[in-house]
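The values are calculated or read from the model by the stated rules, or taken from the named source; none is laboratory data. Not measured: the values here are computed from a predicted model. Virtual Cβ from ideal backbone geometry, glycine too; neighbours counted across all protein chains shown. What goes into the accessible areas is simple: the full protein's heavy atoms, side chains included, and nothing from ligands, DNA or RNA. Shrake-Rupley method; radii C 1.70, N 1.55, O 1.52, S 1.80 Å.
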Amino acid sequence: MPETKQTPPLPQQPDQVGIVVRDMDKAVQYYTTVLGLGPFRRFEFTLPDGIMRGKKISLKLKLAFTTLGALELELIEAPPGDNIYREFLDAKGEGLHHLGYHVSDIDSHLASLKQKGVGILFSGKTERVSFAYMDTAEPGGVIFELIQRK
């Protein structure tokens, strides 16, 4: 009987916390002046070939990043249209959207999770990173993101 490869569990601590916001300027201003976080690295990001629930989409995002010790804080301004960030914003308002975990072999994790009945909400690849948001919100209200940097 052939031995099946076990996918290692996710790291015990997330590497990233993703927060969806309505207005990036106001959010960065608040986190900087009220909470003393930052500095934030801000940029606009276009993903031409994202896959949302099996359908190809193009998405332009405003993103801002800062670090909190070893944890990365990601702010995401949800654009209008059909995307998981706008769905979250419309259903719940601004707030914690996902916990991100850096993994060394995203494909192994995705295959293992698929065998366990976990689907992919949204995924994409760039020159620097592959990512996948897992359909994990139902049991506890939090989406888990797998991130593999190249």
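Points to keep in mind about this one:
- Accessible area (Å², per residue) of the range 10-110, counting only protein heavy atoms and a probe of 1.4 Å: 54
- Portion, in percent, of the accessible area of the chain that falls on carbon or sulfur, probe 1.4 Å: 53
- Pair-distance profile P(r), taking every C-alpha pair of the chain, with 5 angstrom steps and integer %: 2, 9, 17, 23, 20, 15, 8, 3, 1, 1, 0, 0, 0
- Cα pair distances of the range 111-150 binned at 5 Å [whole percent]: 6, 23, 28, 23, 13, 5, 1
- In the distance distribution for the range 1-86, Cα-Cα pairs more than 17 Å apart total 59 percent.
- Nitroxide proxy distance, nm - points 7 Å out along Cα→Cβ at Asp15 and Lys114: 2.2
- Here the peptides 68-78, 133-143, 33-43 are ranked by packing, the mean other Cβ count within 10 Å, and the order with the highest first is 68-78, 133-143, 33-43.
- Each stretch of four or more DSSP H residues adds -39500 (n - 2.57); spread over every residue of the chain, this sum gives -6000 deg cm²/dmol at 222 nm.
- Potential lengthening of the chain between Ser104 and Arg53 amounts to 16.0 nm, from the contour at 0.36 nm per residue minus the alpha-carbon distance.
- Remark: spin-label model distance Thr33-Ala70 equals 3.4 nm, labels positioned 7 Å along the Cα→Cβ axis.
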